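Below is one structure, written out as structure tokens, with a few remarks after it.
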Amino acid sequence: MSDYPYVLASLFVLLIFPLGYLSMPRLKNRQNRIFVHLLIFQILIPPLDFAAGWAEAYAATWATPARAAYSALTLLGACWFFLFTIDILRLKMGGALWRRFSMAALIVSEAVTLCAAGVGRVELLSPLLRLFVAFYSAVSLFLIFRFRDRLSRYECVSAAGSHMLLLAGNLVHIFFPSHLLVSTANLMAVINFFLAFENPHLYMSNRGNTFNVRAFREVMEERVQKHSYRILAFALRDYIDMRGIYGGAQMDSGVSMIGQFLVRTYPEYQVFYLRNGRFVILGSETMDWNQMQKEIYDRFQAPWIAADAELDLGVLFIQVEPATGLESVDHILNYILLAFENAEETLSRPDGLIEADSIRKIDRQIEIKRSLDRCLERNEVEIFLQPLIDSRRRVLAGAEVLCRIRDEAGKLISPSVFVPVAEQNGCINLMGEQVLEKACQFVRDHNLDEIGLSWLNVNLSPIQCMRKDLSERFATILEQYGVSTEVIHLEITEQSVMDISRLEYQIQVLRGIGFRFSLDDYGSGYSNLSRVKQYPFANIKLDMGIVWDYIRDKDVLLPTIVQAFKEMGFSVTAEGIENAEMADAMTALGCDFLQGYHFSKPLPVEEFVAKYTMLRQYT
């Protein structure tokens with residue numbers, strides 16, 4: 001029998017602990033159910049320990065049954081610790097795995113008890129049971145170490161620490177029977193697991209007792225595997241604008257009121273808040289989402305009274321179920337978020353439900369994002385080269401490096417589609433670095449003189465200009481490939497020039513290490529000559545729009561602009577050259593370089609090299 005002071009203290013805490021835990025909102029998922037079972041067994045074990053000890057002292061007839069029951073609960077308790085570890089490590093559990101482990105624990109415990117009683121060696125029962133329990137903890141520690149990458153550092157330390165406590169407590173019990181700390185070790189392990197994995201505050205959003213994104217992921221991992229769910233998601237229309245109109249405090253209060261309304265109105269379902277005015281109601285296949293959507297929509301026809309202000313808010317809806325064809329939790333989350341981001345442009349239904357046509361566009365965006373992530377992760381970003389032609393000699397002078405990615409079928413995705421996605425997702429920096437690396441690799445691996453190539457233009461996005469370590473990163477890449485800044489020029493769009501303070505610093509630093517700059521797409525925005533003059537550009541590239549406008553309706557504006565650039569010391573490139581007439585007209589204006597499909601579309605590297613190496617040999 002265990003030391004009574006330790007057992008009584010542990011039992012008292014274990015009785016109080018579940019009262020607080022069960023009174024708080026909890027996720028309806030397998031991990032929570034396993035933890036509840038774990039708690040129940042830890043509460044039942046100490047009283048049975050008392051009962052077994054009392055029977056051995058005062059009622060010998062009941063000693064063996066009581067000890068058998070205690071043994072069974074002890075092993076089952078260890079089994080639930082093990083199963084909880086399996087679940088937090090996201091190891092696949094069959095539906096009957098817990099039953100198999102429980103049955104095995106029961107069989108082993110009863111066999112050990114009966115054998116010990118049968119041979120008259122009851123004193124061996126406790127050490128043997130503790131050895132089995134220690135085995136569960138040892139296996140759990142091995143699994144935690146083996147799959148530690150599936151947990152955060154804090155979670156890994158907490159899980160390993162819990163099983164070390166269990167292992168130590170049971171080993172102490174075996175080797176030092178007079179110093180039994182098993183109940184205390186069990187209690188500390190339970191609290192450790194609770195703080196790291198089951199603390200409701202980890203999963204609450206602080207918006208009207210709703211759950212957060214982490215909770216949504218936890219629950220949906222299980223639901224997606226079972227293909228058993230229905231999701232009714234909705235978002236507040238123009239949420240960012242509404243925060244500006246009503247103020248942050250009032251909108252936060254309003255969002256909390258909406259969350260409370262949902263939790264109160266639909267207690268049988270789980271409600272999640274995905275930030276920025278987006279809610280998700282998760283239910284089973286029988287959830288009547290059409291009726292719920294109508295009820296929520298009707299409620300939004302009246303204002304929400306928050307912090308002495310009436311909030312008149314609109315709402316957008318989307319419905320998701322397994323038949324929608326989403327394969328993972330990330331896919332579902334992206335689907336919902338992209339649907340609301342694009343809904344304002346495509347929504348036509350008065351009840352706010354996003355329709356199938358919009359959904360197909362969302363699917364395409366998700367596919368593009370997945371392709372982009374895959375290409376960046378595997379370093380499969382490709383570069384194509386489009387020639388820059390000397391306008392007088394009509395021979396190759398330089399080339400613009402253009403980024404290309406492919407979808408899973410190997411088809412090229414338009415840059416106008418994937419570049420905005422990369423900028424929104426924050427991966428434009430990685431993409432830009434991979435493009436620069438491949439451009440440097442091209443320079444290193446090819447004889448530029450044989451091709452007739454003097455330099456490459458690499459595009460620099462406005463978001464890249466925000467990086468403080470941009471110059472260091474670029475210098476490191478060029479040094480790695482042994483490439484001079486005389487060969488790599490940087491193109492900055494006219495949009496970048498709009499933010500003078502951000503751009504000025506980057507240009508100064510990059511020019512300091514030898515980079516030359518071109519201003520791309522001049523004429524597509526609102527830059528004027530005085531603003532352009534502030535920057536030491538080497539080349540100005542005229543946007544194809546103003547080139548085409550001049551060809552259609554010749555006037556004095558473009559010739560004046562080109563002449564002004566020439567007098568300011570800039571060379572000029574005309575983009576969008578589609579035919580010989582355009583090429584001759586731009587040459588006559590004084591443009592130094594020409595770029596467009598008349599000379600060549602962007603080509604894969606090897607095709608570009610083959611074409612211009614051959615042309616070089618015959619000119």
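The values are calculated or read from the model by the stated rules, or taken from the named source; none is laboratory data. Given the structure is predicted, the values throughout are model-derived calculations rather than measurements. Ideal geometry is used to build each Cβ from the backbone, glycine not excepted, and the neighbour counts take in all protein chains shown. Side chains are part of the model used for accessible areas, which takes the heavy atoms of the whole protein and leaves out ligands, DNA and RNA. Shrake-Rupley method; radii C 1.70, N 1.55, O 1.52, S 1.80 Å.
The table below lists the values:
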{"quantity": "Some residue of the stretch 180-193 being polar (S, T, N, Q) and more than 16 Å from Phe82 (Cβ to Cβ)", "calculated": "yes"}
{"quantity": "Cβ pairs under 8 Å, 6+ apart, first in the stretch 283-303 and farther than 26 Å from Leu27 by Cα, second open to solvent by 70 Å² or more (accessible area, probe 1.4 Å)", "calculated": "Pro303/Glu310; Pro303/Asp312"}
{"quantity": "The stretch 375-394, residues that are at negative phi, in contact with a strand residue (DSSP E or B) (Cβ under 9 Å, 6 or more places away or on another chain) and open to solvent by 40 Å² or more (accessible area, probe 1.4 Å)", "calculated": "Glu380, Glu382"}
{"quantity": "Elements of type helices (runs of 4 or more DSSP H) contained in the stretch 387-504, each with 1 or more residues being small (Gly, Ala, Ser)", "calculated": "415-425, 428-445, 470-481, 494-497"}
{"quantity": "Lone qualifier among Leu143, Leu187, Leu166 - being surrounded by fewer than 21 Cβ atoms within 10 Å (Cβ to Cβ) and either assigned to a helix (DSSP H, G or I) or of a type in the set (Lys, Arg) (or both)", "calculated": "Leu143"}
{"quantity": "Output for the stretch 234-257, where each listed residue is touching a strand residue (DSSP E or B) at 6+ places or on another chain (Cβ under 6 Å) and within 19 Å of Met204 (Cβ to Cβ)", "calculated": "Ser253, Gly254, Met257"}
{"quantity": "Number of positions in the stretch 270-287 that are of a type in the set (A, V, I, L, M, F, W, C), part of a strand (DSSP E or B) and within 20 Å of Leu202 (Cβ to Cβ)", "calculated": "5"}
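Here's the yes/no breakdown for (1) closer than 27 Å to Ala439 by Cα; (2) open to solvent by less than 80 Å² (accessible area, probe 1.4 Å):
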{"position": "Arg511", "(1), (2)": "yes, no"}
{"position": "Leu542", "(1), (2)": "yes, yes"}
{"position": "Leu557", "(1), (2)": "no, no"}
{"position": "Lys566", "(1), (2)": "no, yes"}
{"position": "Ser571", "(1), (2)": "yes, yes"}
{"position": "Tyr597", "(1), (2)": "yes, no"}
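Quick grid of which residues meet (1) hydrophobic (A, V, I, L, M, F, W, C); (2) within 23 Å of the chain's Cα centre (by Cα):
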position: Ala397; (1), (2): yes, no
position: Ser414; (1), (2): no, no
position: Pro420; (1), (2): no, yes
position: Leu460; (1), (2): yes, no
